[in-house]
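Below is one structure, written out as structure tokens, with a few remarks after it.
The values are calculated or read from the model by the stated rules, or taken from the named source; none is laboratory data. The shown structure was predicted, so the numbers you read here are calculated from the model rather than taken from an experiment. For neighbour counting, all protein chains shown are included, and Cβ atoms are generated from backbone atoms with ideal geometry for every residue, glycine included. Just the protein is used for accessible areas: all its heavy atoms, side chains included, with ligands, DNA and RNA removed. Shrake-Rupley method; radii C 1.70, N 1.55, O 1.52, S 1.80 Å.
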Amino acid sequence: AGSSLEASTRYEASDLVGIIEIAWRGKVECVCFPLTFQIAYLSSDTKDQFLEEVDLVTTNKRMKTLIEHADRFISEMDLIYDKAEQSRVYRWLQSRLSAFKTGLYGLVMVINLCILMMPRSLLTTLPETDEELGELGAEAAVRRLAKIIKKNKGGAGDDGAGAEEEALPEYEHLSFAQAIIRGISGDDPLSRAEQISLSVVTTSAVLVVAGYVVLIGVLGITEVALLIEDIDKRADGSWEGAQAQGGAQARRDRSVWNGWHLWNLTCSAVLVLHGVNTDVAPHLGVYALALAALSLPVLLGTLRESIGDFPQGPRERKYLVVYDAVVRRNFLRNHAFFLACCVLGFFYRVEFFTLALLDVINLSPVIRDIVKAVAEPAYPLILSFYIYIISVIIFAVFGMNYIGESYKISYTDKYGGMNERMCGSKMSCVLYIFFNGLSDVGNLKGFLKSPSTGSPEYPARILMDSLFFIWVGIVLVNVVTGLMVDGFSAIRQAAESRINTLQNDCFVCGLDRASYEDIGLGPSYPSFEEHLEKDHDPWTYVYYLAYLKAKDPTEDSGIESYVRAQVEEGNLEWIPKGTSCALQDNAAKKARRAREDSKG
């Protein structure tokens with residue numbers, strides 16, 4: 001360690017030897033150190049996530065962030081390495097995790113394609129009408145009619161017509177499990193095509209459910225252990241800060257509960273008003289259940305915010321682990337959701353299988369950026385939606401009072417005739433305009449009755465239609481569109497800027513491509529790409545810190561003791577700034593050549 005290496009030979013080192021450059025005693029030293037087997041288990045997803053989130057504004061800031069996160073990277077490497085050594089299955093899955101996820105999604109697509117293509121009769125009982133029977137297809141219709149005739153003959157008695165009407169069973173949807181049981185029982189033999197469809201779906205569903213269970217288990221073993229370590233580490237830091245402030249209680253902010261109390265009061269008031277103003281009010285237990293459902297998520301989040309980073313006792317520590325694993329870490333939340341969708345799709349209703357297609361969000365960075373473009377301006381979008389609700393309330397109330405004849409809802413009666421009726425209440429009018437105002441993009445004329453030209457309400461109706469269309473159809477729609485477009489533009493610009501910085505600025509020393517190439521290094525020296533990937537690879541610095549962490553400090557060399565002390569103090573003086581061994585060597589050669597030329 002500490003010896004300078006020629007640029008032409010320094011890349012011939014073994015894969016088990018790492019080389020980094022350290023600023024020490026006024027110059028840059030190339031340091032060799034043994035690489036551990038654990039470095040192979042620092043996943044590319046972890047690296048990519050860090051590079052997507054780290055602040056690249058200055059060299060000091062990004063290197064400081066890298067060193068601060070080094071402990072977590074090291075813990076992840078060590079944990080995965082230990083688990084991989086204990087289980088071959090774990091090691092196999094960790095090395096093929098992306099391919100495993102892609103394979104699961106492929107099976108989900110196969111299941112949904114089968115659902116779309118299989119005959120309707122496979123997942124339904126007997127249809128109620130001849131029209132529905134005709135929709136099933138010729139082969140299925142013949143089999144269904146044969147079954148109906150068989151049932152009718154068995155229970156007709158003297159009155160065949162009446163028995164025929166009673167023998168027709170009701171039309172119901174079936175789950176895949178019920179369809180399999182029906183086929184096995186022999187009551188309704190399946191055709192060969194139906195047998196193949198059920199076999200494919202059953203096999204795929206079993207594999208998908210088993211795959212998600214394994215995936216949750218593998219990721220849970222890793223992520224939960226890292227989460228516990230992270231919580232304990234943050235708790236230690238909070239404890240030190242609390243002691244400096246005179247006690248742990250100083251760290252608790254009781255004001256966070258104000259929002260939960262206000263939310264409970266608001267929900268309670270809404271439910272009470274609903275019960276008072278509704279003719280047929282639900283049972284009191286229904287209101288209590290609704291209040292609990294509305295209050296519980298906010299309660300759990302407020303409790304987590306109240307505990308902060310300093311859990312008092314094992315119960316609060318367990319709560320932090322469970323809450324953060326379920327809510328704040330997407331590995332369990334997302335995959336558990338898709339697992340539930342597959343189970344419900346097989347045992348309850350096939351529609352739930354379609355929700356599992358949303359797993360593409362976890363697989364595609366492009367789609368994640370689209371979701372991010374919607375989520376980042378969430379607060380302005382919520383406010384815009386609230387303004388729309390206010391606008392609907394205003395127009396509904398004023399409209400019922402001043403142009404009530406226009407607020408008639410057309411509907412089809414049980415005989416197929418078209419009738420009109422007034423809104424039963426202002427709330428029903430609000431809901432009617434709320435739904436149709438969105439679908440018709442602010443065009444009241446599309447769903448409200450048009451008054452006659454000479455009626456007294458005609459001028460007011462023109463004013464209402466014009467104002468609603470301008471305000472909702474033009475202003476609010478364009479505001480929402482603008483927020484979405486700005487979100488996409490901001491994400492695209494940030495991504496392009498980040499890619500440009502990572503490709504043209506050295507993460508470690510801050511030297512840019514133009515300055516490096518303007519120096520005019522010879523062919524024996526590394527190019528700028530080699531400088532980024534080998535000379536100043538940021539992850540090699542993480543591996544070096546892992547090497548120091550595993551080494552006994554009493555066995556450190558001089559430069560290793562220096563780096564260890566710098567890291568503990570939070571200094572970055574050991575990181576090269578705007579230079580490298582290659583540049584230093586090139587400058588020394590130029591200086592030596594200049595001295596020789598002057599002597600000659």
- Query: Take the residues of the range 392-410 that are open to solvent by less than 30 Å² (accessible area, probe 1.4 Å) and either modelled with pLDDT under 75 or out of contact with any Phe, Trp or Tyr (no Cβ under 6 Å at 6 or more places or on another chain) (or both): which is farthest from L431 (Cα to Cα)?
  - Reply: I403
- Message: Of the conditions (1) at pLDDT 90 or above; (2) of a type in the set (S, T, N, Q); (3) closer than 19 Å to N586 by Cβ, S561 satisfies every one except a single condition; which number is it?
- Response: (3)
- Task: Select from the range 15-24 the residues that are under 17 Å from E533 (Cβ atoms) and either in contact with a Leu (Cβ under 8 Å, 6 or more places away or on another chain) or not in a strand (DSSP E or B) (or both) and list them in ascending order.
- Result: D15, V17, G18, I19
- Looking at F468, is it touching a residue at least 60 places away in the same chain (Cβ under 8 Å) and farther than 21 Å from I403 by Cα? no
- Note on the structure: Checked the range 179-201 for anything surrounded by 15 or more Cβ atoms within 10 Å (Cβ to Cβ) and free of Cβ contacts under 8 Å to residues at least 40 places away in the same chain; matches are I180, R182, G183
- Filter the range 353-389 for residues that are part of a helix (DSSP H, G or I) and small (G, A, S); the one that is modelled with the lowest pLDDT is A373
- helices (runs of 4 or more DSSP H) wholly inside the range 523-600 that include at least 2 residues being out of contact with any Asp or Glu (no Cβ under 9 Å at 6 or more places or on another chain) and either open to solvent by less than 30 Å² (accessible area, probe 1.4 Å) or on the phi > 0 side of the Ramachandran plot (or both): 538-550, 581-599
- Among the residues of the range 29-54, which ones are within 24 Å of D512 (Cβ to Cβ) and open to solvent by less than 60 Å² (accessible area, probe 1.4 Å)? E29, C30, K47, F50, L51, V54
- Task: Could you tell me whether N334 is under 17 Å from K101 (Cβ atoms), in a helix (DSSP H, G or I) and touching a Lys or Arg at 6+ places or on another chain (Cβ under 8 Å)?
- Result: no
- Query: Could you say whether any residue in the range 494-516 is loosely packed, with under 13 Cβ neighbours inside 10 Å and either among the basic types (K, R) or more than 23 Å from V57 (Cβ to Cβ) (or both)?
  - Reply: no
- Task: State the number of residues belonging to the range 25-39 that are farther than 15 Å from R72 by Cα and outside any loop (DSSP other than H, G, I, E, B).
- Result: 9
- Inside the range 261-278, can you point out the residues that are under 16 Å from T302 (Cβ atoms) and open to solvent by less than 50 Å² (accessible area, probe 1.4 Å)? N264, C267
- Query: Do you know which residues across the range 292-316 are open to solvent by less than 40 Å² (accessible area, probe 1.4 Å) and within 26 Å of L271 (Cβ to Cβ)?
  - Reply: S295, G301, T302, R304, S306
- Query: Restricted to the range 82-109, and to residues that are small (G, A, S) and either assigned to a loop (DSSP other than H, G, I, E, B) or surrounded by 13 or more Cβ atoms within 10 Å (Cβ to Cβ) (or both), which residue is farthest from the chain's Cα centre (by Cα)?
  - Reply: S87
- Determine if the range 318-340 includes at least one residue that is open to solvent by 20 Å² or more (accessible area, probe 1.4 Å) and over 23 Å from the mean Cα position of the chain (by Cα). yes
- Please find, within the range 55-77, the residue that is nearest to the chain's Cα centre (by Cα) out of those that are open to solvent by 40 Å² or more (accessible area, probe 1.4 Å) and touching a residue at least 60 places away in the same chain (Cβ under 8 Å). R72
- Is it the case that F468 is part of a helix (DSSP H, G or I), of a type in the set (F, W, Y), modelled with pLDDT of 85 or more and surrounded by 14 or more Cβ atoms within 10 Å (Cβ to Cβ)? yes
- Message: Just the residues that are under 19 Å from F434 (Cβ atoms), open to solvent by less than 90 Å² (accessible area, probe 1.4 Å) and of a type in the set (A, V, I, L, M, F, W, C), please, taken from the range 471-493.
- Response: V472, I474, V475, L476, V477, V479, V480
